[in-house]
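This report concerns only the one structure given below.
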Amino acid sequence: MLWLLGAIFGLGAAGYSVFSTLGKMGGDFEKVFRKAPELAESAFGEGAYGRVTGVATSHDVLPAVPGLGVPCLAYELVVYQTSSPHAGGAWRIVHRERVGVDVDVAVGVHTVRVAAQDALLLRATGHDANHDLRREPGYGIFTSHVRFVRPGATVEVVGTLMREVDADPSAARDYRNAAERFRVIGKRAQPILIAVSGPES
């Protein structure tokens with residue numbers, strides 16, 4: 001698992017936050033994201049690597065955003081604790097979790113599926129709280145930061161495409177279209193990255 005080493009608090013619930021990360025390999029994932037080629041539909045194929053853009057939805061039961069209770073496709077919660085904020089005590093990360101569902105990104109006639117819990121949220125809506133947002137809060141002085149993706153958001157996803165047979169019965173009736181869905185997978189040096197780039201419903 002790739003551990004994220006730091007967070008930049010964003011603009012609150014109304015804006016976007018940028019979570020710049022460095023992995024164990026020292027990779028700058030913002031740079032990886034920027035360098036990923038944009039994949040046109042004509043370039044979709046087994047093993048194609050790059051960035052796809054589309055509207056994100058899911059047929060799964062959606063998790064709720066901690067502290068807000070609104071449904072989302074994915075969220076990342078980071079909880080910080082300090083012993084004495086007024087005396088210059090350092091904040092340390094005491095909890096981090098990523099929760100997500102299988103997300104379908106509509107790109108023209110294709111569906112690109114990504115397991116959001118396996119992806120790094122590079123840019124997403126941000127929400128801050130001055131308390132512990134875990135389901136079982138700890139005792140002490142905490143702050144929390146959540147980033148999340150709402151259903152209906154336009155997202156950019158970076159990763160490697162693999163063909164996947166669509167389990168939809170209507171697709172199975174037409175074998176020619178049965179493999180027109182792709183799944184995004186990540187590799188050690190090329191993790192799955194998601195950035196919200198457009199309006200959310």
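With the cut-off at under 20 Å, measuring from each backbone N in segment 28-53 to a point 7 Å along the Cα-to-Cβ line of Glu180 picks out 39-48, 52-53.
Each label point was placed 7 Å from the Cα along the Cα-to-Cβ direction; for Asn130 and Thr57 their separation is 4.1 nm.
Model label points for Val94 and Val165, set 7 angstrom from Cα along the Cα-to-Cβ axis, are 4.9 nm apart. With just the Cα atoms defining each centre, how far is segment 44-58 from segment 115-148? Give it in Å. Here the answer is 26 Å between Cα centres.
Taken together, the values in this text are just the output of simple stated rules run on the coordinates, not laboratory data. Fair warning: this is a prediction, and the values are worked out from it, not measured in the lab. All Cβ positions, even for glycine, are placed from backbone atoms using ideal geometry, and neighbour counts span all protein chains on display.
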